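Comments concern the structure below.
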Amino acid sequence: MQASSLQNCNVMNGDGNATEGRSSAFVVSARKRKLQQITRTAGESTLFLIAAFVAVIVLFIFYFVARDAVPFFEIRGFREFFTDTRWYPADEPPVFGALSIIYGSLMVTVGSALIAIPMGVAAAICLSDVLPFSVRQYVKPVIEMLAAIPSVAFGFFALVIFAPMLQNHGGSILMWSWWIMATPLILLMIVVGAELVSSRIEDDRRRKVAQRVLLVVMGALALLILILVGFRLRSIEIMTGTNALNVSIILSFMALPTIVSVAEDALQAVGRDLREGSYALGATRAETIIKTILPAASSGILAGVILGIMRALGETMVVWMASGNSAHIPEPWYNYLDSVRTLTATIAGDMGEADQVTGSARFHVLFAMGLLLLVISFVSNFISERIVVRQRKILSGQ
Amino acid sequence: MAKFRVTSLVVSAIFLLVSGGPAEAKNGIVIDGSTTVGPLAKSFAAYFTRSRGISVTVSESGSGNGAKSLINGTCDIATMSRSMKPEELAAARSKGIEPVAGVVALDGLAMVVNPANPVHSLTKQQIAAIYKGSVTNWRQVGGPNARILIVQRESNSGTQETFKELVVGKKVHIAASAETQASNGAVKNRISLTKGAIGFVGLGFIDSTVKKIAVDGVLPSPETVRNGTYPLSRPLFMVTAGTPKGRVQEFINLSATPVGKRMIKELGFVGTR
């Protein structure tokens, strides 16, 4: 509006004068303009070349991994790789069943996601909507610093400190973590549950009595459950500290900064107007967070979660050092206290002997695993990209 | 361990760039291979650099990688804790390389358990049964009632291959529940921290954090390895492309000198002569 009116003024002032003034101040000479054009083209093409180079690298990696993966499937077929649980690449005759290894990768990824997602999203909410700005400025960089710790350091911690701790005090660690995590959750459930059940009673006094009785009964029940499960957990003796649980916990720490950072950005992107609109309608802060901000930021949070999970899936050093590397499906299948072997650790561990000169299937099977990992991360990246695009559309009101 | 490998890879990569292939390097010796022979090669290297002023790069990436590097011409000496396989020999010959192996020392493969474990002797059959997974409790071999945690090495380890050859047999699968560690040190670490664990390491890696056990009634020691009574022993090789010449020959022959013999002894290996 302002700009157009200014322009109008200029034109009104009389064209002769205005153009003359402009030509001396703004219009550059032909030579200079040509030079500018050349530098612009040069700069743009340099940037384009660099961008293209990065894209080409990705394609090259895909091509070379696939090129060395295909011979494996030509030699051994698909069936053994995806359905056999026996992994004996060095034996005579070799067996290349990767199912238990794929399962191991899945297990630690799911385990770390179960820990990292609730923690990460909660931390992101806390950072963006609960903590005052001045505190947030200090806390966020500290969380992001987690990402800067080299994975070897995490692995060393997992192997040398955490694993023996799990072996020696595993039962009590499990008991205390159960109590710490379950107590607030169960308390919340009891309070909300008692409120919900008693709200059907119309008479005011009888409702209050019923509520109290319910609280006492459910509280006693919950306490019993808490104690029983706690002691049951304490009696568990952890055979080996280098197990799926250990790795899941460490991996979740490694995935946390990604999840927190991306989710927090998504929450911030929701904007003041939505928040203030919600408050204006009389919503409390909790209601605003749960009913307005979280749904609006959900796809951004999901994108962060996927990125964090990919970090856990692709991590090599920690799992190689601390998962125990047993190529088997634990018994029973959900036993997180048994050691597992993952795709990444297998590639790292078996690479040495698997030479293209000596063992062909044994060499190519590692590329088959690499290709599998690449495909998984490609698909997840694609999905998270689509989600982010969708969120942008939603937020821009389309 | 793996960090070592990365550093050594970087070092050798830089070396490659600088010298255009270490095999024809004018100013140094490049060594790659077994993590068991690694410490020996390193102390030889330190002595060699000090006394001759010739730089020696030592990488520990496993016997298989050592052989690979030798075949690809990226190292002068491959340290190996097993002899070359027929396929590796064939691959070397197809590239016009005739590998020559020299025994620099002997190594006993020691079975180790946690110091808290009362078991002090096992037969070879019992060890094989444990690793095959048919014996799963220490009670079955005269120990306390506790599950056995098997620790093995990655398949690229010469120690692992020697163990399979000497104890369980090449065609037998080791139990899938066996934990896999990447180096002698990592195995020792796991054993020292885990009560029910059993594993195997080179004789040079034994210290007070783990307890060695007698195999077929014979405890591993330099004497029992040299006189051949200890059943799990093996020669350690330094392999070169063709007969070693010049400074490479000088380096390998260190093992026969008094200084070399002292270093071999200090590292817990056994000299050949």
>> With the structure loaded, tell me whether A:LEU224 is surrounded by fewer than 13 Cβ atoms within 10 Å (Cβ to Cβ), under 25 Å from A:MET119 (Cβ atoms) and without any contact (Cβ under 8 Å) to a residue 40 or more places away in the chain or whether it fails that test.
In response: no
>> Considering only residues that are at pLDDT 90 or above, of a type in the set (A, V, I, L, M) and part of a helix (DSSP H, G or I), which ones fall in the range A:149-160?
In response: A:VAL152, A:ALA153, A:ALA158
>> Any residue that is among the acidic types (Asp, Glu) and under 24 Å from B:PHE205 (Cα atoms) - is there at least one of those in the range B:69-77?
In response: no
>> What pairs come out if I take residues in the range B:244-256 that are under 10 Å from B:VAL100 (Cβ atoms) and of a type in the set (Asp, Glu) and pair them with residues that are modelled with pLDDT of 90 or more and part of a helix (DSSP H, G or I) whose C-beta lies under 7 Å away, six or more apart or interchain?
In response: none
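Can you find even one residue in the range A:125-132 that is over 24 Å from the mean Cα position of the chain (by Cα), within 12 Å of chain B (Cβ to nearest Cβ) and at pLDDT below 90? Outline the logic, then answer.
First, the residues of the range A:125-132 that are over 24 Å from the mean Cα position of the chain (by Cα): A:132.
Filter once more, keeping what is within 12 Å of chain B (Cβ to nearest Cβ): none.
There is no residue in the range A:125-132 that is over 24 Å from the mean Cα position of the chain (by Cα), within 12 Å of chain B (Cβ to nearest Cβ) and at pLDDT below 90.
Please count how many residues of the range B:65-102 are part of a helix (DSSP H, G or I) and aliphatic (A, V, I, L, M).
Narrowing the range B:65-102 to residues part of a helix (DSSP H, G or I): B:65-72, B:86-94.
In the following step, the residues that additionally are aliphatic (A, V, I, L, M) were identified as B:67, B:70-71, B:89-92.
The qualifying residues number 7.
For the range A:229-255, which residues satisfy the criterion of being within 14 Å of chain B (Cβ to nearest Cβ), part of a helix (DSSP H, G or I) and either more than 28 Å from the chain's Cα centre (by Cα) or not polar (S, T, N, Q) (or both)?
Within the range A:229-255, the first condition is being within 14 Å of chain B (Cβ to nearest Cβ), and the residues that meet it are A:236-244, A:246-247.
Narrowing further to those that are part of a helix (DSSP H, G or I): A:244, A:246-247.
Passing the criteria: A:ALA244, A:VAL247.
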>> Residues to consider are B:SER8, B:SER61, B:SER55, B:SER19; find the one that is hydroxyl-bearing (Ser, Thr, Tyr), more than 21 Å from the chain's Cα centre (by Cα) and at pLDDT below 85.
In response: B:SER19
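Scanning the range B:103-129 for residues that are within 22 Å of the chain's Cα centre (by Cα), aliphatic (A, V, I, L, M) and not in a strand (DSSP E or B), which turns out farthest from B:LYS212 (Cα to Cα)? Step through it out loud before you land on a result.
Within the range B:103-129, the subset within 22 Å of the chain's Cα centre (by Cα) is B:103-114, B:124, B:127-128.
This time we only want the ones that are aliphatic (A, V, I, L, M), so: B:103-106, B:109-113, B:127-128.
So of that shortlist, the ones also not in a strand (DSSP E or B) come out as B:127-128.
Working: B:ILE127: 13, B:ALA128: 17 Å.
Restricting to residues being within 22 Å of the chain's Cα centre (by Cα), aliphatic (A, V, I, L, M) and not in a strand (DSSP E or B), the top hit is B:ALA128.
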>> Given the criterion more than 8 Å from every other protein chain (Cβ to nearest Cβ), under 19 Å from A:GLY104 (Cβ atoms) and in contact (Cβ under 8 Å) with a residue 40 or more places away in the chain, identify the matching residue among A:GLY370, A:GLY304, A:GLY324, A:GLY300.
In response: A:GLY370
> What tally of residues in the range B:24-64 results from selecting those that are out of contact with any strand residue (DSSP E or B) (no Cβ under 6 Å at 6 or more places or on another chain) and part of a strand (DSSP E or B)?
Replying inline: 1
> When you go through (1) over 29 Å from the mean Cα position of the chain (by Cα); (2) in the same structural domain as A:ASN246 (by TED's automatic domain parsing) one by one for A:MET165, which number turns out not to apply?
Replying inline: (1)
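Residues are listed down the side, and each one gets a yes or a no for (1) crowded, with 21+ Cβ neighbours inside 10 Å; (2) within 14 Å of chain B (Cβ to nearest Cβ); (3) touching a residue at least 24 places away in the same chain (Cβ under 8 Å):
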site	(1), (2), (3)
A:SER134	no, no, no
A:GLN137	no, no, no
A:PRO141	no, no, no
A:LEU146	no, no, yes
A:ALA158	yes, yes, yes
A:ILE161	no, yes, no
A:MET165	no, yes, yes
> Taking the range A:374-398 as the search range and keeping residues that are among the polar types (S, T, N, Q) and touching a helix residue (DSSP H, G or I) at 6+ places or on another chain (Cβ under 6 Å), which one is modelled with the lowest pLDDT?
Replying inline: A:GLN391
> Quick one: which of B:ALA116, B:ALA129 is farther than 22 Å from B:GLU60 by Cα and free of Cβ contacts under 8 Å to residues at least 60 places away in the same chain?
Replying inline: B:ALA129
> Within the range A:53-102, can you find the residues that are within 14 Å of another protein chain (Cβ to nearest Cβ), crowded, with 18+ Cβ neighbours inside 10 Å, touching a strand residue (DSSP E or B) at 6+ places or on another chain (Cβ under 8 Å) and touching a residue at least 24 places away in the same chain (Cβ under 8 Å)?
Replying inline: A:TRP87, A:PRO89, A:PHE96, A:ALA98, A:SER100, A:ILE101
> Applying the selection to the range A:294-334, what residues are among the aromatic types (Phe, Trp, Tyr) and either out of contact with any helix residue (DSSP H, G or I) (no Cβ under 8 Å at 6 or more places or on another chain) or part of a loop (DSSP other than H, G, I, E, B) (or both)?
Replying inline: A:TRP333, A:TYR334
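The values are calculated or read from the model by the stated rules, or taken from the named source; none is laboratory data. From a predicted model like this one, the values you see are computed outputs, not experimental measurements. Here Cβ is always computed from backbone atoms with ideal geometry, including for glycine, and neighbour counts include all displayed protein chains.
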